[in-house]
Amino acid sequence: MRFITSTLLAWTLAAVAVAAEEGRAPLPNVVLILADDMGFSDLGCYGGEIETPNLDRLAANGLRYAQFYNTARCWPSRAAIMTGYYAQQVNRDPGRARPGWAALLPRLLAPAGYRSYHSGKWHIDGPVLAAGFERSYALEDHDRNFNPRAHRIDDRPLPPVEPGEGYYTTNAIADRAVEWLAEHDAKHKGEPFLLYLAFTAPHFPLQAPAEDIEKYRSKYAVGWDAIRESRRDRLRELGLIDAPLPDREPGTIPSWSLTEEELKRRIGPGEVGHAVAWDSLTPEEKEFQATKMAIHAAMVDRMDREIGKVLARLEASGAIDDTLILFASDNGASAEQIIRGDGHDPAAAPGSAATFLCLGPGWSTASNTPFRLHKAWNHEGGVATPLIAHWPAGIRARGEIRRAVGHLVDVVPTVLELAGLAPPTSIDDQPRPPLPGASLAPTFAADVPIDREAIYFRHEKNRGLRRGDWKIVAAGEGSPWELYDLAADRSETRDLAAEHPEKVRELADLWSRLDAEYRQQGASGGE
């Protein structure tokens with residue numbers, strides 16, 4: 001098996017040399033696409049009912065990963081995908097200034113001649129261009145999808161968008177990406193590029209064009225319990241995951257969410273603060289909740305269509321075959337229910353600019369099917385993400401599933417390997433720790449495991465660690481470790497801690513060692 005894997009990996013890397021002989025770019029272009037607060041099963045190719053034909057097409061002509069992870073929250077995940085380190089190693093969870101040695105991917109790729117471009121959410125410390133990007137559209141207002149007040153081109157402020165200008169965040173992010181690609185094609189054709197495309201969809205506030213919402217208006221009247229079951233069944237049919245549905249957890253919500261009483265007073269009688277049984281809701285609550293999920297679906301649908309525009313640009317320029325595209329989400333769907341920005345007008349049409357709605361724990365539970373809990377937790381619902389990999393010149397497989405366990409920290413070592421670069425041991429004379437991740441390149445050729453010590457999780461007061469098929473996880477400070485055999489129980493329904501206390505101690509000791517080591521590394525950063 002090792003010989004076969006090595007042979008297939010050699011074929012993958014040799015594709016770069018073949019491309020050069022055929023007059024194409026000698027190094028693969030890289031497009032990293034990140035969704036924001038999207039659940040594991042929202043995409044059509046991951047069991048969802050939302051129409052995502054462009055991402056489905058990438059999956060059908062590439063790979064889907066069934067066991068890939070993020071960090072459970074926005075800014076730690078962005079630190080991981082751009083630095084190759086866990087956020088704690090680079091002082092980004094809590095979010096503070098990175099150490100000087102924690103360079104971002106564009107700077108690491110520069111020695112190979114890559115030009116780097118960014119469009120969308122940033123949420124990383126420091127200016128974008130100083131991190132090595134040549135062009136950037138950075139959306140800094142995350143509370144308004146139709147008229148943001150804070151956004152920048154190349155780190156220079158743009159005027160606030162006035163209501164009625166026809167702006168929508170997802171469209172604008174994709175439009176700038178297309179612009180950067182066209183500019184690259186005009187000025188630097190043949191040179192490799194990195195595009196970091198970071199959407200803010202479907203993060204709250206739930207806002208979308210009215211025509212997009214209308215498409216899903218009646219889709220979710222069946223309720224979140226029925227949607228969970230249909231997604232679970234579809235995941236089984238697709239061969240991605242065969243796991244029982246865990247019970248809803250109505251008593252578990254983010255501590256910073258508004259109370260049920262505040263939600264009903266400020267948003268309306270249709271709002272629901274907990275993941276209760278759908279059949280227990282009133283008709284008014286059912287109608288309002290179905291509308292909220294329709295808006296969420298509309299945001300995912302629109303993101304997919306805008307990704308289609310970026311793919312069309314790559315196809316028009318002849319770059320699509322030589323471009324590695326990776327798509328993931330920064331965390332699971334969110335149970336948060338808060339009001340920010342311009343507030344919420346209960347009289348306005350749900351999903352319009354005057355409203356501020358959140359998905360909430362009922363639909364978040366459905367979006368994260370078949371897993372437990374939500375964004376910010378280290379249970380599978382918070383940290384499991386789809387990963388789609390598409391690279392026609394370098395990935396021979398079409399429509400295959402990979403069960404190798406991976407994490408966003410694997411993206412940097414993967415891209416560096418394909419670019420023919422070794423991770424630097426120092427930056428500006430400051431020594432760097434070894435990267436904790438591993439290259440995914442062997443899995444492009446075959447469904448083989450990735451050699452690693454463990455995958456580490458920590459966010460807020462939640463913590464976890466996966467080693468092989470064993471996972472320990474705890475929700476909240478002082479909570480005892482739970483233990484799961486993910487090979488038999490991916491949805492974390494049977495806690496085995498009492499049966500295997502020695503395994504809990506072994507994994508807890510490893511987590512404590514890594515946690516102390518990583519936090520010490522991050523302490524070299526600033527406030």
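The values are calculated or read from the model by the stated rules, or taken from the named source; none is laboratory data. Everything numeric here is computed off the predicted structure, so don't read it as measured data. A quick note on method: Cβ atoms are made from the backbone with ideal geometry, for glycine too, and the neighbour counts reach across all protein chains shown. The accessibility values were calculated without ligands, DNA or RNA, using every heavy atom of the protein model including side chains. Shrake-Rupley method; radii C 1.70, N 1.55, O 1.52, S 1.80 Å.
Filter the trypsin sites (Lys or Arg not before Pro) in the stretch 33-90 to those in DSSP coil with at most 14 other Cβ atoms within 10 Å of their Cβ, and list the result. Hits after loop and neighbour filter: nothing returned.
For the stretch 90-165, the Cα gyration tensor yields ellipsoid semi-axes of 26, 16, 8 Å (square root of five times each eigenvalue, largest first, whole Å). A dipole drawn for the chain from +1 and -1 charges on Cβ atoms has a positive end, and of SER230, PHE356, ILE427 the residue lying farthest that way is ILE427. Roughly how many percent of the accessible protein surface of the stretch 409-450 is carbon and sulfur, given a 1.4 Å probe and a whole-percent answer? With neighbouring chains kept in place, the figure for the stretch 409-450 is 55 percent.
Over 21 Å between Cα atoms, which of LYS264/LYS286; LYS219/LYS309; LYS219/LYS264 qualify?
Numbers: LYS264/LYS286 14 Å; LYS219/LYS309 26 Å; LYS219/LYS264 24 Å.
Those over the limit are LYS219/LYS309; LYS219/LYS264.
Could you put VAL405, VAL473 in order of accessible surface area, largest first, with the 1.4 Å probe and the full protein assembly present? Kindly include the intermediate steps, with their values, before the conclusion.
Values: VAL405 30, VAL473 0 Å².
Ranked list, largest accessible area first: VAL405, VAL473.
What is the Cα centroid distance between the stretch 502-527 and the stretch 109-160, reported in whole angstrom? The two parts, judged by their Cα centres, are 32 Å apart. Given a 1.4 angstrom probe, what's the average accessible area per residue across the stretch 262-311, in square angstrom? Normalised by residue count, the accessible surface of the stretch 262-311 is 34 Å².
Using the alpha carbon gyration tensor of the stretch 149-195, what are the three equivalent-ellipsoid semi-axes (square root of 5 times each eigenvalue), largest first, in whole Å? If you can, show how the numbers build up before the last one.
Working: eigenvalues 135, 29, 13 Å².
Three semi-axes, in Å: 26, 12, 8.
ILE395: net charge of surrounding residues, Cβ under 13 Å, Lys/Arg +1, Asp/Glu -1, itself excluded?
With Lys, Arg at +1 and Asp, Glu at -1, the neighbours total 0.
Taken as entire DSSP H runs, the helices of the chain that both span 15 Å or more between Cα atoms along their own long axis and average -1.0 or more on the Kyte-Doolittle scale are 2-21, 169-188, 283-316. Here the stretch 292-344 was treated as a single set of alpha-carbon atoms; its pair distances binned every 10 Å from 0 give 17, 36, 27, 15, 5 percent. Peptides 282-288, 270-276, ordered by how many other C-beta atoms sit within 10 Å of their residues on average, highest first, read 270-276, 282-288. Computed on the stretch 215-321, with alpha-carbon pairs under 8 angstrom and 6+ residues apart, the relative contact order is 32 percent.
Over all projection directions, the Cα-based convex hull of the stretch 45-87 averages an area of 4.1 nm².
Under the classification rounded if a/c is under 1.5, otherwise prolate if a/b is larger than b/c and oblate if not, where does the stretch 403-527 fall, given a ≥ b ≥ c as square roots of the Cα gyration tensor eigenvalues? Mind dumping the intermediate values first?
Working: a/c = 2.74, a/b = 1.35, b/c = 2.03.
Oblate shape, in that a/c is at least 1.5 and b/c is the bigger or equal ratio.
With all protein chains kept in place, the per residue accessible area of the stretch 331-478 amounts to 30 square angstrom at a probe of 1.4 angstrom.
With +1 on each Lys and Arg Cβ and -1 on each Asp and Glu Cβ, and nothing else charged, work out how big the dipole of the stretch 27-182 is about its Cα centre, in Debye to the nearest 20. Could the numbers behind the result be given before it?
Numbers: 16 positive and 18 negative charges, 137 e Å.
In total the dipole reaches around 660 debye.
P(r) for the stretch 466-527, from all Cα pairs and a bin width of 5 Å, is 4, 17, 23, 22, 14, 9, 6, 4, 1 %, short bins first.
Over all Cα atoms in the chain, the spread is summed up by Rg and Dmax: 22.0, 67 Å.
In a fully extended conformation the segment linking ALA130 and VAL222 would gain 28.2 nm over its present Cα-Cα distance, using 0.36 nm per residue.
The largest accessible area among ASP247, ASP509, ASP155, ASP330 belongs to the first residue in ASP247, ASP509, ASP155, ASP330, and the rest follow in falling order (1.4 Å probe, all chains). Note on GLU527 and LYS189: the model spin-label points, each 7 Å out from Cα along the C-beta direction, lie 5.3 nm apart.
Size descriptor for the stretch 265-363, Kirkwood hydrodynamic radius: 16.0 Å (Cα pairs only, one decimal).
Please report the antiparallel percentage of the DSSP beta bridges confined to the chain, to the nearest 5. Each step should come with its number before you reach the end.
Values: 31 of 59 bridges.
About 55 percent, rounded to the nearest 5.
Spacing of the modelled spin labels on ALA497 and ASP429, each 7 Å from Cα toward Cβ, amounts to 4.9 nm. Pull out a ≥ b ≥ c, the square roots of the eigenvalues of the alpha-carbon gyration tensor of the stretch 65-203, then state rounded if a/c is under 1.5, prolate if not and a/b is larger than b/c, and oblate in the remaining case. Oblate shape, in that a/c is at least 1.5 and b/c is the bigger or equal ratio. Roughly speaking, what is the centre-to-centre gap between the stretch 242-310 and the stretch 161-228 when only Cα atoms are used, to the nearest Å? Between the Cα centres of the stretch 242-310 and the stretch 161-228 lies a distance of 21 Å. In a fully extended conformation the segment linking SER479 and SER512 would gain 10.4 nm over its present Cα-Cα distance, using 0.36 nm per residue. Average projection, convex hull of the Cα set of the stretch 374-476: 8.2 square nanometres. Packing here is the average count of other Cβ atoms within 10 Å per residue, and on that basis the peptides 424-431, 369-376, 114-121, 95-102, highest first, run 369-376, 114-121, 95-102, 424-431. Taking 7 Å steps out from each Cα toward its Cβ at ARG519 and ASP155 produces label points 3.2 nm apart.
Before anything else, pin down the relative contact order of the stretch 411-457: Cα pairs under 8 Å, at least 6 apart, normalised by residue count, whole percent. Before the final figure, lay out each step's value.
Working: 37 pairs, mean separation 16.5, N = 47.
RCO, the stretch 411-457: 35 percent.
Taking 0.36 nm per residue of sequence separation and removing the Cα-Cα distance, the TRP256/GLU284 pair yields an extension gain of 7.5 nm.
Gyration tensor analysis over the Cα atoms of the stretch 276-321 returns equivalent ellipsoid semi-axes of 40, 9, 4 Å (largest first, whole Å).
Summing charges over all other residues whose Cβ lies under 13 Å from the Cβ of ILE427, with Lys and Arg as +1 and Asp and Glu as -1, gives +1. Basic side chains Lys and Arg get +1 at the Cβ, acidic Asp and Glu get -1 at the Cβ, and with that the dipole of the stretch 381-434 about its Cα centre reaches some 380 debye.
The charge dipole of the stretch 189-269, taken about its Cα centre with unit charges on the Cβ atoms of Lys, Arg (+1), Asp and Glu (-1) only, comes to about 160 debye. Projected onto its three principal axes, the C-alpha set of the stretch 342-400 covers 53, 28, 17 Å, listed from the longest axis down.
With the full set of protein chains in place, find how many percent of the accessible area of the stretch 128-269 is carbon and sulfur; take the probe as 1.4 Å. Exposed carbon and sulfur together represent 49 percent of the surface.
If you average the sequence gap of Cα pairs under 8 Å that are 6 or more apart and divide by the length of the stretch 249-390, what percent do you get for the contact order?
Values: 202 pairs, mean separation 37.9, N = 142.
Answer for the stretch 249-390 is 27 percent.
In the full protein context, the stretch 16-130 carries 24 Å² of accessible surface per residue, based on a 1.4 Å probe and ignoring ligands, DNA and RNA.
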